[in-house]
Amino acid sequence: MMKSLRELNTVDRSRAICDYCLQDVTHNRQGEFEEMLFCKDCDAKAHPSCMKYSSTLAAQALSYPWQCVECKTCSSCFTARDGASILFCDGCDKAYHMLCHEPEVITKPEGKWLCSSCLNDPGISLEDFSEEENGLESDVASFSSELQTSGANSTRLSTVSPPVNSNHSQINNIPDSTNWTAAQVAEYFTNAGFTKQASVFAEEEIDGKSLLLLQKTDVVSGMTFKLGPAVKIYEHIVKLQRASSRKRSYHQQNGMS
Ligand SMILES: [Zn+2]
Ligand SMILES: [Zn+2]
Ligand SMILES: [Zn+2]
Ligand SMILES: [Zn+2]
């Protein structure tokens with residue numbers, strides 16, 4: 001299983017197709033050569049400009065093993081738990097929990113945010129970003145039909161929360177699984193079409209709380225699923241995790257006000 005994953009990640013990158021514009025490294029939407037970003041954890045790949053990354057942000061993201069927005073984990077604790085409190089740096093595209101970042105971020109920033117190492121980097125400033133992004137707005141609109149079919153996110157959802165969180169209707173369709181029993185978890189995956197795999201959740205006694213703690217490696221290599229269904233099952237789990245952390249943060253906000 002591990003071997004096949006690694007093989008997937010090393011497919012010939014020069015011929016890889018951008019998830020957004022469906023062209024390769026030689027042509028971005030402006031018809032120019034543009035280095036692509038490859039997620040270190042999944043099959044996602046894209047021209048930085050197709051995700052509305054500024055040139056500064058693209059250069060930073062290309063300089064380390066990048067994670068797509070779905071796979072993004074905190075650069076400090078390396079987990080994706082409590083997605084609602086994860087901040088995305090607009091200078092380097094790394095993610096941090098508000099309380100993992102040094103110094104701790106107490107109030108959620110509005111708009112763009114730089115992590116402390118980018119703040120201290122004289123080559124990176126927020127002024128670089130806004131203008132370049134505005135220039136891309138019209139392009140993005142004209143590609144929106146393609147984006148829908150490819151399932152990619154149309155905007156750079158950098159600033160405060162991961163993309164799924166900004167889509168309320170989608171969140172509302174996803175149940176809060178926090179208090180599910182293992183049998184209910186199995187039932188959910190049966191209904192989602194994973195009849196063969198669902199029983200494993202019951203056998204392994206994965207209830208709602210354990211489900212919310214599952215990591216990608218647990219699902220892809222820790223359980224006995226084939227890679228194809230494993231990746232799809234993990235997508236469902238991420239949605240459930242986001243939905244429940246979203247609900248928790250609503251509760252917290254309501255409690256405070
Ligand atoms: Zn592209
Ligand atoms: Zn990814
Ligand atoms: Zn963290
Ligand atoms: Zn940064």
Picked from segment 69-123 (must be polar (S, T, N, Q) and closer than 23 Å to Lys40 by Cα), the residue farthest from ligand 4 (Cβ to nearest atom) is Thr79
Given (1) open to solvent by less than 40 Å² (accessible area, probe 1.4 Å); (2) within 16 Å of ligand 3 (Cβ to nearest atom), where does Cys50 come up short, assuming only one miss?
-> (2)
If a residue has to be part of a loop (DSSP other than H, G, I, E, B), more than 16 Å from ligand 1 (Cβ to nearest atom) and surrounded by 15 or more Cβ atoms within 10 Å (Cβ to Cβ) to count, how many in segment 55-75 make the cut?
-> 6
If you check Met51 against the conditions, is it within 16 Å of ligand 2 (Cβ to nearest atom) and aliphatic (A, V, I, L, M)?
-> yes
Here are some residues: Ser117, Ser125, Ser138. Which one is assigned to a loop (DSSP other than H, G, I, E, B), at negative phi and either open to solvent by 70 Å² or more (accessible area, probe 1.4 Å) or modelled with pLDDT under 95 (or both)?
-> Ser125
Determine which member of the set Met51, Met36, Met1 is over 22 Å from the mean Cα position of the chain (by Cα) and either within 10 Å of ligand 1 (Cβ to nearest atom) or at pLDDT below 95 (or both).
-> Met1
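The values are calculated or read from the model by the stated rules, or taken from the named source; none is laboratory data. Note that this is a predicted model, so its numbers are computed, not measured. For neighbour counting, all protein chains shown are included, and Cβ atoms are generated from backbone atoms with ideal geometry for every residue, glycine included. Accessible surface areas use protein heavy atoms only, side chains included; no ligands, DNA or RNA. Shrake-Rupley method; radii C 1.70, N 1.55, O 1.52, S 1.80 Å.
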